[in-house]
Amino acid sequence: MSRLALLLATLLAAIAVAATAASAAVQPPTAQATVTGYGGGAATVDPYATRAAIRVLRKGGNAVDAAIAAAGVLGVVEPYSSGIGGGGFMVIRSRDGSIDTIDGREFAPAAFTPTSFQENGTPIPFTEAVTSGLGVGVPGTLATWQTALQRHGTMSLKKLLEPGIEIAAKGFVVDRTLQQQTQDNAARFADFPDTANIYLPHGQPIQAGTVLQNPDLADTYRLIAKKGIGAFYGGPLAGEVADTVQHPKTAPGTTRTVRPGLMTADDLAAYRAKVRPPVRTDWRGYTVAGMGPPSSGGTTVEEALNILQAFGAPASDGAGELFRYLEASRLAYADRNQYVGDPDFVHVPTDCLISQEFADTRQALIGATALTSPVAPGDCGPAAGSASLHEGPNTTNMTVADGKGNVVEYTFTIEQTGGSGMVVPGRGFLLNNELTDFEFTTGKANSPAARKRPRSSIAPTIVLKDGKPVLALGSPGGASIITTVLQILTDRFERGMALPDAVADPRISQRNAAQTEAEQAFLDGPLRAPLEARGESFKLVPPPAIAPDSTGPRELGAATAIEFLGGGKLQVAAEPVRRGGGAAGVVTTRK
């Protein structure tokens with residue numbers, strides 16, 4: 001056979017294999033950003049995950065069951081933002097009216113010290129902490145799922161992992177967002193052979209429209225389905241996770257400084273998710289419930305809402321309402337930075353931060369023009385303040401409700417897009433870099449310590465009226481999660497927007513900085529000029545710090561939400577555009 005004929009035969013064989021893989025792959029359903037219906041619903045950033053949740057609901061599972069099935073799928077199809085190598089926070093409103101908040105935040109290894117991110121008394125470069133074993137926290141995702149199921153679920157984790165196993169084994173169709181994120185992280189991923197083998201086939205980033213299989217992750221899920229989460233937090237897999245952290249496996253010839261981490265198998269065995277009390281405030285006749293410390297999401301959203309409430313009635317125009325929103329955010333972030341950390345290690349004055357009395361003192365500082373940042377924190381007692389530094393933008397969020405009154409708002413993450421960049425060899429999942437959410441200096445509320453959980457901005461939020469759910473929402477976006485949730489709430493309740501419009505509204509994020517980050521659509525819109533006339537200053541939201549040359553869109557958040565309309569009817573809303581658009585679904589469109 002001639003070389004040309006051999007080449008042609010090889011090419012045709014490759015095409016045939018690719019076609020077979022594509023036909024065997026689990027095909028994505030059509031995504032809708034908004035849908036109204038009955039019997040329960042779900043919104044996630046991805047149609048595969050939303051479909052998994054709706055199928056569980058239709059089979060009689062409750063909202064917790066459906067959320068965990070969707071989360072397992074997201075770990076496959078949105079691997080750079082979520083997965084069993086990370087952690088998160090879940091808020092559950094049960095049919096009996098009670099609210100649980102589950103803290104599945106990663107914690108630092110026992111060997112971690114306040115100076116672990118320092119070298120010769122100086123903080124190490126942030127990029128060296130991100131892409132390293134040193135930045136990896138002990139994962140909490142699986143412990144969160146198990147805790148939620150034990151307290152509220154009706155189905156087994158084994159059953160709920162089946163959709164994720166199927167998609168990981170058969171493959172899924174890569175979308176443009178995953179392609180772009182891979183391109184942005186290609187240089188990092190190339191330095192880790194086990195990561196490159198999955199996401200840089202033949203040395204090139206995966207392309208939209210192609211099929212991506214992850215048989216190693218399918219096998220890892222099967223192991224956990226068979227043996228329970230103890231297979232992750234103990235046994236050979238725990239040893240492999242610890243070994244990956246302590247001895248990062250890099251490509252020959254890499255020039256990247258990849259620092260080893262401190263995690264051991266004993267750290268994994270010691271991990272527990274914690275059920276903490278929700279933080280609540282009364283706002284304009286509603287009760288707003290959210291996640292308390294070590295997340296700053298609940299306290300900061302609720303403080304800002306209380307500042308807005310101190311004005312009395314909402315402003316009469318959109319620019320006036322956005323001005324109040326920006327200034328309330330500015331002040332609430334000053335207090336967040338001063339007081340919030342892991343409550344198991346530092347005193348967090350939660351009751352003060354979410355009190356109306358404290359909000360009244362902060363609202364009194366807002367005048368006709370913008371305050372100058374950084375503004376000083378208010379007085380909630382002594383605290384060691386921490387700056388608002390780096391928080392990874394690529395988290396994921398979901399909102400799920402069933403027809404029985406159970407509601408789940410769940411945000412989970414591996415921190416930066418792609419986390420640490422390290423896949424556990426032979427296991428198919430990326431490890432987080434959550435410990436970079438700590439302050440790198442000592443003596444602060446958010447400084448590192450052994451088994452301490454770094455402060456987060458995750459803000460899963462449920463709004464109730466007379467104890468019944470009215471709205472549930474959350475978002476990814478690092479430190480801008482708080483402002484995204486707050487802006488949607490003010491758009492919906494203060495400015496009277498419909499929920500889909502509030503979710504889609506161009507975003508601005510003020511976090512006690514000299515300039516407010518803004519999406520391009522806002523900068524091009526009509527409200528910029530009247531706000532600048534009142535002293536506000538704007539800049540285009542920057543690309544992710546880990547991928548400064550990103551050519552992807554510059555966005556704030558990718559929210560999901562469900563509004564409860566009465567009579568069993570609900571409206572489910574996902575992002576229509578950001579991160580490629582999300583997917584909303586309901587059990588049935590007919591009553």
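The values are calculated or read from the model by the stated rules, or taken from the named source; none is laboratory data. Since this is a predicted model, take the numbers as computed values, not measurements. Every residue, glycine as well, gets a Cβ built from its backbone with ideal geometry; the counts of neighbours run over all protein chains shown. The accessibility values were calculated without ligands, DNA or RNA, using every heavy atom of the protein model including side chains. Shrake-Rupley method; radii C 1.70, N 1.55, O 1.52, S 1.80 Å.
Evaluation of residue 259 against the conditions (1) in a helix (DSSP H, G or I); (2) farther than 30 Å from residue 506 by Cα; (3) in contact with a Ser or Thr (Cβ under 6 Å, 6 or more places away or on another chain); (4) charged (D, E, K, R) shows that the sole unmet condition is (1).
Just one of the listed residues (289, 273) is small (Gly, Ala, Ser), under 30 Å from residue 232 (Cα atoms) and touching a Lys or Arg at 6+ places or on another chain (Cβ under 9 Å), namely 273.
Report yes if residue 545 is touching a residue at least 12 places away in the same chain (Cβ under 8 Å), farther than 30 Å from residue 286 by Cβ and of a type in the set (A, V, I, L, M), otherwise no. Can you show your working first?
Working: touching a residue at least 12 places away in the same chain (Cβ under 8 Å): yes; farther than 30 Å from residue 286 by Cβ: yes; of a type in the set (A, V, I, L, M): yes.
The answer is yes for residue 545.
Applying the criterion of being in contact with a Leu (Cβ under 8 Å, 6 or more places away or on another chain) and not in a loop (DSSP other than H, G, I, E, B) to the residues of segment 438-470, the residue that is nearest to residue 345 (Cα to Cα) is 461.
This table checks each residue for (1) loosely packed, with under 15 Cβ neighbours inside 10 Å; (2) part of a loop (DSSP other than H, G, I, E, B); (3) not hydroxyl-bearing (Ser, Thr, Tyr).
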| site | (1), (2), (3) |
| --- | --- |
| 548 | yes, yes, yes |
| 553 | no, yes, yes |
| 564 | no, no, yes |
| 585 | no, no, yes |
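Output the residues belonging to segment 95-115 that are open to solvent by 10 Å² or more (accessible area, probe 1.4 Å) and within 22 Å of residue 152 (Cα to Cα). Selection gives 95, 96, 97, 98, 99, 100. Residues of segment 243-265 that are under 15 Å from residue 111 (Cα atoms), of a type outside the set (A, V, I, L, M, F, W, C) and open to solvent by less than 30 Å² (accessible area, probe 1.4 Å): 261 alone. If you check every pair at least six apart or on different chains, which have Cβ atoms under 6 Å apart with a residue in segment 41-56 that is within 14 Å of residue 559 (Cα to Cα) first and a residue that is acidic (Asp, Glu) second? From residues that are within 14 Å of residue 559 (Cα to Cα), the pairs are 46/78. Look at (1) under 17 Å from residue 332 (Cβ atoms); (2) open to solvent by 10 Å² or more (accessible area, probe 1.4 Å) and you find that residue 466 fails only one, number (1).
Give 264, 254, 281 a once-over and let me know the one that is under 26 Å from the mean Cα position of the chain (by Cα) and over 18 Å from residue 116 (Cβ atoms). Before you say what the answer is, go through the steps one by one.
Numbers: 264 fails: over 18 Å from residue 116 (Cβ atoms); 254 fails: under 26 Å from the mean Cα position of the chain (by Cα).
Sole residue among the options that is under 26 Å from the mean Cα position of the chain (by Cα) and over 18 Å from residue 116 (Cβ atoms): 281.
So is residue 242 part of a loop (DSSP other than H, G, I, E, B) and free of Cβ contacts under 8 Å to residues at least 40 places away in the same chain or not? Outline the logic, then answer.
Values: part of a loop (DSSP other than H, G, I, E, B): no; free of Cβ contacts under 8 Å to residues at least 40 places away in the same chain: yes.
Here the answer is no, as residue 242 does not meet what is asked.
One residue alone among 188, 176 is surrounded by fewer than 18 Cβ atoms within 10 Å (Cβ to Cβ) and basic (Lys, Arg), and that residue is 176. For segment 46-57, the count of residues that are over 17 Å from the mean Cα position of the chain (by Cα), among the small types (Gly, Ala, Ser) and surrounded by fewer than 24 Cβ atoms within 10 Å (Cβ to Cβ) is zero.
Looking across segment 194-221 at every residue that is more than 20 Å from residue 552 (Cβ to Cβ) and surrounded by fewer than 17 Cβ atoms within 10 Å (Cβ to Cβ), the one that is farthest from the chain's Cα centre (by Cα) is identified as 202. Does residue 36 satisfy being more than 27 Å from residue 294 (Cβ to Cβ), at pLDDT below 95 and surrounded by fewer than 19 Cβ atoms within 10 Å (Cβ to Cβ)? Answer is no for this residue. Here residue 516 qualifies as buried (at least 22 other Cβ atoms within 10 Å of the Cβ) and farther than 19 Å from residue 561 by Cα. Among the residues of this structure, residue 409 does not count as one that is surrounded by 24 or more Cβ atoms within 10 Å (Cβ to Cβ) and over 30 Å from residue 321 (Cα atoms). Filtered by the rule that a residue be open to solvent by less than 50 Å² (accessible area, probe 1.4 Å), of a type in the set (A, V, I, L, M, F, W, C), out of contact with any Ser or Thr (no Cβ under 8 Å at 6 or more places or on another chain) and in a loop (DSSP other than H, G, I, E, B), segment 522-546 gives a lone residue, 527.
Of 102, 54, which residue is assigned to a strand (DSSP E or B), in contact with a strand residue (DSSP E or B) (Cβ under 8 Å, 6 or more places away or on another chain) and aliphatic (A, V, I, L, M)? Break it down into steps so the answer makes sense when it comes.
Details: 54 fails: assigned to a strand (DSSP E or B).
One residue alone meets the criteria, 102.
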